[in-house]
Amino acid sequence: MGNNSLEKFVGRFDRLGVRLGAPSWVWPGGYAENARKLKPVFDQVQITAYEAHSVSPVSAEETDSLAALKSDDFGYCLHLPIPTNLAVTGGSPENAIIDTISAYRKIGVTNYVLHVEEFGGWNPKLIPGRVSTIIERTGIRAEQICMENIIGTTFDKVWDSAKGLGVSVCFDVGHCVYEGGDPLKFIDAHSEKIRMAHIHGATRTADHLPLNAIPLETLSAIVSRLGDLKMDGSMVIENFSAQSMLESLEHLSKIS
């Protein structure tokens, strides 16, 4: 899928009532190269910094290019490194998060997606102290940190430990479906704290599929409900190939 394949979707999703986002890995290439191609259709690009900055440093040239693309109606969220080990005893795993947030400061990130994984022997009581350290040392607002529901981790355990800090929720629709949950019930349960969302097709055995894996009626209900929330952030279509993204946009465009 070349950049021209997106042209037919320009302006097609304004009626959905949600800001639309895409990951920064749709085509092979750098963050800014992807953002430039995605900008005509999407309101936000999620920088997929899945590795710590010390492992995968971003150049000043790349962040300058990203900053130059930012505008009043186009910006960025940042997916923080995974795994975080924020609930694992020992060390200072929050430092990798802090370094990564600092590396992208100049591009004007509005929201930060945070995983907390339920490893063997994990201790959720460690979460508040470490997240508080991240907030204090970076200067970002607590609500900008969006705790994501992830596969293999009981979200309620994470949320019960973190919610007192004033953080938000990144609702991943695909992860919810994969684990047999009801997306609409999740939205209802956390409606006051959902600040952004991830959406992708999913079954009980696979996720990050094109959106046509979700029946159109179901997809319409989910998008409508997310629109009702008036989220600060975007609904990011988490597809990581050009073909999958094109299929998702085709399906999404059928919502009346």
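Quick notes
- Answer from Met235, Met196, Met231 - the residue that is in contact with a Cys (Cβ under 6 Å, 6 or more places away or on another chain) and at pLDDT 95 or above: Met196
- Those residues of the range 87-114 which are part of a helix (DSSP H, G or I) and either modelled with pLDDT under 95 or touching a Leu at 6+ places or on another chain (Cβ under 9 Å) (or both), in sequence order: Glu94, Ala96, Ile97, Thr100, Ile101, Lys106, Ile107
- Scanning the range 101-135 for residues that are crowded, with 19+ Cβ neighbours inside 10 Å, over 19 Å from Leu165 (Cβ atoms) and not hydrophobic (A, V, I, L, M, F, W, C) returns a single hit, Tyr104.
- Test: residue in the range 207-216 that is closer than 26 Å to Gly166 by Cβ and either out of contact with any Lys or Arg (no Cβ under 8 Å at 6 or more places or on another chain) or part of a helix (DSSP H, G or I) (or both): no
- Contact annotation: residue pairs with Cβ atoms under 7 Å, 6 or more positions apart or on different chains, pairing a residue in the range 34-53 that is surrounded by fewer than 24 Cβ atoms within 10 Å (Cβ to Cβ) with a partner that is assigned to a loop (DSSP other than H, G, I, E, B) and of a type in the set (Asp, Glu), are Asp43/Asp73.
Listed here are the residues, each with its yes/no results for (1) in contact (Cβ under 8 Å) with a residue 60 or more places away in the chain; (2) within 25 Å of His208 (Cβ to Cβ); (3) part of a helix (DSSP H, G or I); (4) charged (D, E, K, R).
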site	(1), (2), (3), (4)
Tyr76	no, yes, no, no
Ile82	no, yes, no, no
Val116	no, yes, no, no
Ile127	no, no, yes, no
Arg130	no, no, yes, yes
Thr133	no, no, yes, no
Cys146	yes, yes, no, no
Ile150	no, yes, no, no
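- Every pair of residues 6+ apart whose Cβ atoms lie under 9 Å, when the first sits in the range 7-25 and is touching a residue at least 60 places away in the same chain (Cβ under 8 Å) while the second is aromatic (Phe, Trp, Tyr) and in a helix (DSSP H, G or I): Trp25/Tyr31
- Residues located in the range 56-92, provided they are loosely packed, with under 11 Cβ neighbours inside 10 Å, on the phi < 0 side of the Ramachandran plot and not polar (S, T, N, Q): Ala60, Glu61, Asp72, Asp73
- Scanning the range 226-256 for residues that are surrounded by 16 or more Cβ atoms within 10 Å (Cβ to Cβ) and assigned to a helix (DSSP H, G or I) returns Leu226, Ala242, Ser244, Met245, Leu246, Glu247, Ser248, Leu249, His251, Leu252.
- Search result, residues across the range 1-36 that are of a type in the set (D, E, K, R) and closer than 20 Å to Ile199 by Cβ: Arg12, Asp14, Arg15, Arg19
The values are calculated or read from the model by the stated rules, or taken from the named source; none is laboratory data. Owing to the predicted nature of the structure, the values given are computational and were not obtained by experimental measurement. Here the Cβ is made from the backbone with ideal geometry for all residues, glycine too, and neighbour counts use every protein chain on show.
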